[in-house]
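Please treat every number below as a calculation from the coordinates, not as lab data. Keep in mind that this is a model prediction, so the values were computed, not measured. All Cβ positions, glycine included, derive from the backbone under ideal geometry; neighbour counts span all protein chains shown.
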Amino acid sequence: MELEQRVIELETRLAFQDDTITALNDVVVEQQRVLERLQLQIAALARRQEEMAGQFGIAEDEAPPPHY
């Protein structure tokens, strides 16, 4: 009877671990989607910043203003 009880306990633990792994995987997948979306937004912002710098004639090698 003791062996059967141990097997039942192990099967129960395994079931909970499977649920936990599935939940963690779902979180990782969602975080990856968010990360990819943020990377696209950063790239778009960088392009926009470069375009705006070109429109206003801002050179990156300009000296900082005197108050710096």
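Return one number: the angle in degrees, 0 to 90 and rounded to the nearest 10, between the long axis of the Cα atoms of helix 2-55 and the longest principal axis of the Cα atoms of the chain.
Approximately 10 degrees, to the nearest ten.
Quick one: net charge of Leu10's neighbours, Cβ under 14 Å, K/R +1, D/E -1?
Numbers: positive: Arg6, Arg13; negative: Glu2, Glu4, Glu9, Glu11, Asp18.
Here the count lands on -3.
Assuming R0 = 30 Å, can you tell me the calculated FRET efficiency for the pair Arg13 and Glu36, based on Cβ-Cβ distance, to the nearest 0.05?
Numbers: r = 35 Å, r/R0 = 1.15.
For R0 = 30 Å, the calculated efficiency reads 0.30.
Based solely on its DSSP helices, what 222 nm [θ] is calculated for the chain when runs of n ≥ 4 H residues each add -39,500 (n - 2.57) and the sum is averaged over all residues, nearest 500 deg cm²/dmol?
Working: 1 runs with 54 residues, N = 68.
Theoretical 222 nm ellipticity from helices: -30000 deg cm²/dmol.
Please compute P(r) over all alpha-carbon pairs of the chain, binned at 5 Å starting from zero, and give each bin as a whole-number percent.
Reading the bins upward from 0: 3, 13, 8, 10, 9, 7, 8, 6, 6, 6, 5, 5, 4, 3, 3, 2, 1, 0.
Within the chain, what is the longest stretch that has no GluC sites (Glu not before Pro) placed in a DSSP loop and near at most 16 other beta-carbon atoms within 10 Å? Don't skip to the answer; put the middle values down first.
Values: sites that count: Glu60, Glu62.
The segment 1-59 is the longest one with no such site.
Counting Lys and Arg as +1 and Asp and Glu as -1, what is the net charge of the other residues whose Cβ lies under 15 Å from the Cβ of Leu40? All intermediate terms of the calculation are to be shown ahead of the outcome.
Working: positive: Arg33, Arg37, Arg47, Arg48; negative: Glu36.
Taking every Cβ under 15 Å from that of Leu40, the sum is +3.
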